[in-house]
Amino acid sequence: MQRRRRTAAVLTAITVLAASATTGCSLNGSGGDDATDSPVELTLWTHEFEPLQKSMQDKWIPEFEKANPGITVKMTSVPLAGAVSYDSKLLSTLSSGAGPDVWDMGSWNFPGFHEQGYLAPIDAKTFGYDDAADLVGAYDPASLKELSYDGQLYGMFSEFDTLATYYNTQVFAEAGIPDLPTDKPVSWDQIGEIAATLHQEENGAVTRTGYQFGFFANFKDAQWYSQNFYTLLRQYGQDDVYVDGKPAGDTEAVRNALQVFSDFVYKYKAYDPTFLNNWFADVPDGRAAMVSAGTWYAGAALANNPDFQFKVAPNPVVDPDNKDTYKDVSYFWGWAVNSHADDAHQAAAQKFLAFILGTKGQTEQADYWFTQLGYLQPSTAYLESDEFSAAVKKSPYLQTFIDALTNYQVSPPQHVYDEAGAAIVAAVDAVVYDHAAPADAAKELQAALERIDQ
């Protein structure tokens, strides 16, 4: 009974994510032909994430090729951020009519990529379902509708995420700071004060910073700006930088959200974006004390430092005594198949996804992704399985994320890599790097949104 209640809570939260999608009235399987009898080289793209690359190279690709002798898989991994980011390279190659046969990407890309015609429908029959409606229903209450358009399903979950706070328990213990509560979030101000205590300098040079947001000087990725900004914006009572279809960049909620970034850098000295340099090593190595991240963080952090001792606390909120401020972002990564690929390559791509994600009723694949990488693939079969219960029991910190989907209002950021997302990045950068007053940065954000809106 407890497991059923937990499953219902998780799936209820996922429904919030699904509500943002535009879907057709009916869902029918694509029923693509199996055209993989002749040898096929399948091109696979992923973003750079060491546990994902290792899993593919050491397990999934060799096992798939052994089970499908006529298919070989060539994997390419591209940095998520940088001079040539993963998203920009995907877009440029797909728009040229080329690109990989199969790839994973963030939720923010699916609507635009579908509109451009880059995505092939998922063949439900390859996954063991009667049709797409049957497949979508297996993710009750139809969370896969987030990946559905015009009566077809165009992607499969790689991972579904929200945010929480990882912290280095050795650093906390050495400073005499008690563990953070797991049953209730603390405030951003409390996190700032703790992080200020944990900040260290030697001869004027920073040796440890207290808190790590998801963006910093050598990792200026719009995804993380957006996630961290929207978390704060919503906790201050505003859902988006557009309200009733009109730009709303210079509001009290926006100014308050930007003020938190300013306070963490300048008031508390809790966050130093120029000091941080490695997403997955700074906290494990004690160069930072806390980080905002998803379930996937632990695997990569432990790969960098197997001795990393950590716990996970609920994401901070503006006011722990006010449930209205219990808001967080959600996002997912999903697998897609290239509509430009020929029938043989599309069929091979569908087979590969069914192999690594599982067919109808299978749970061992989802359990691997969850236990080894922290990737949650929310099928009803898995969420109700003994494997899922055992995974949470073995790694109790995962319960914090499961609870968050019940205790917080979660939904995806509306603007990430578009022009409005770039304006958000500019506003946050002005506050964090240039010490701009939040009020001034909000005015500039409003002006930028109005220019975009013209």
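Scoring 172-179, 147-154 by mean Cβ neighbours within 10 Å over their residues and listing the highest first yields 147-154, 172-179.
Within the straight-line cut-off of under 16 Å between alpha carbons, the lysines reachable from LYS443 are LYS246, sequence neighbours fewer than 8 places apart in one chain being disregarded. Distance between the modelled labels on SER95 and ASP240, one decimal in nanometres: 2.3 nm (7 Å Cα→Cβ projection). Between ALA390 and ASN203, the FRET efficiency estimated from the beta carbon spacing at R0 = 60 angstrom works out to 0.75.
Annotation: lysines with alpha-carbon distance below 29 angstrom to LYS89 (same-chain offsets under eight excluded): LYS54, LYS59, LYS74, LYS145, LYS220, LYS351. Computed from Cα atoms alone, the Kirkwood hydrodynamic radius reported for the stretch 113-271 is 19.5 Å. With both labels modelled 7 Å from their Cα along Cα-to-Cβ, the GLU193 to LYS323 distance reads 2.6 nm.
Can you give the FRET efficiency for THR359 and GLN399, using 1/(1 + (r/R0)^6), R0 = 30 Å, r = Cβ-Cβ distance, to the nearest 0.05? That gives a FRET efficiency of 0.60. 3J(HN,Hα) along the stretch 427-437: 5, 5, 4, 4, 6, 6, 9, 9, 6, 5, 5 Hz, from the Karplus curve 6.51 cos²θ - 1.76 cosθ + 1.60 with θ = phi - 60°, whole Hz, x for Gly and Pro. The packing ranking of peptides 398-409, 341-352, highest mean first, is 341-352, 398-409, where packing means the average number of other beta carbon atoms within 10 angstrom of each residue. Stretched out straight at 0.36 nm per residue, the stretch from GLN372 to GLN53 would grow longer than its current Cα-Cα span by 113.6 nm. For the chain, evaluate the Debye formula with one uniform point scatterer on each Cα (no solvent term) and list log10 I(q)/I(0) at q = 0.06, 0.10 Å⁻¹, rounded to two decimals. Evaluating at q = 0.06, 0.10 Å⁻¹ gives log10 I(q)/I(0) of -0.25, -0.73. Scalar couplings 3J(HN,Hα) for the stretch 159-164, obtained by applying the Karplus form with A = 6.51, B = -1.76, C = 1.60 to θ = phi - 60°, are 7, 10, 9, 9, 10, 8 Hz; x denotes Gly and Pro. In summary, the lysines within cross-link reach of LYS323, defined as a Cα separation below 17 angstrom excluding same-chain residues under 8 places away, comprise LYS184. Shown is the FRET efficiency for ALA303 and GLN454, computed with R0 = 41 Å from the Cβ-Cβ distance and rounded to the nearest 0.05: 0.30. Near the amide H of GLN212, within less than 5 Å, lie the amide hydrogens of MET290, VAL291, SER292, all on another chain or at least 5 residues away, with H placed in the peptide plane. Stretched out straight at 0.36 nm per residue, the stretch from SER38 to GLU174 would grow longer than its current Cα-Cα span by 42.8 nm.
The slack in the chain from ASP183 to LYS267, taken as 0.36 nm per residue of separation less the alpha-carbon distance, amounts to 27.4 nm.
When each of SER96, SER330, SER88 is scored by the number of other beta-carbon atoms lying within 10 Å, the sequence from fewest to most is SER96, SER88, SER330.
By definition, a body whose alpha carbon gyration tensor gives a ≥ b ≥ c is oblate when a/c is 1.5 or more and a/b is not larger than b/c, and the stretch 56-157 fits this oblate description.
Residues in the stretch 258-275 carry Karplus couplings, in order, of 5, 5, 4, 4, 4, 4, 5, 7, 9, 7, 8, 6, 8, 9, 10, x, 8, 8 Hz; the curve used is 6.51 cos²θ - 1.76 cosθ + 1.60 with θ = phi - 60°, and Gly or Pro positions show x. Take the Cα of ASP130, step 7 Å toward its Cβ, do the same at LYS74, and the gap between the two points is 4.1 nm.
Any read-out appearing in this document is the output of simple, stated calculations on the displayed coordinates, not a laboratory observation. Every value quoted in this text rests on a predicted model; they were computed, and no experiment measured them. Glycine gets a Cβ as well: all are built from the backbone with ideal geometry, and neighbour counts include every protein chain shown.
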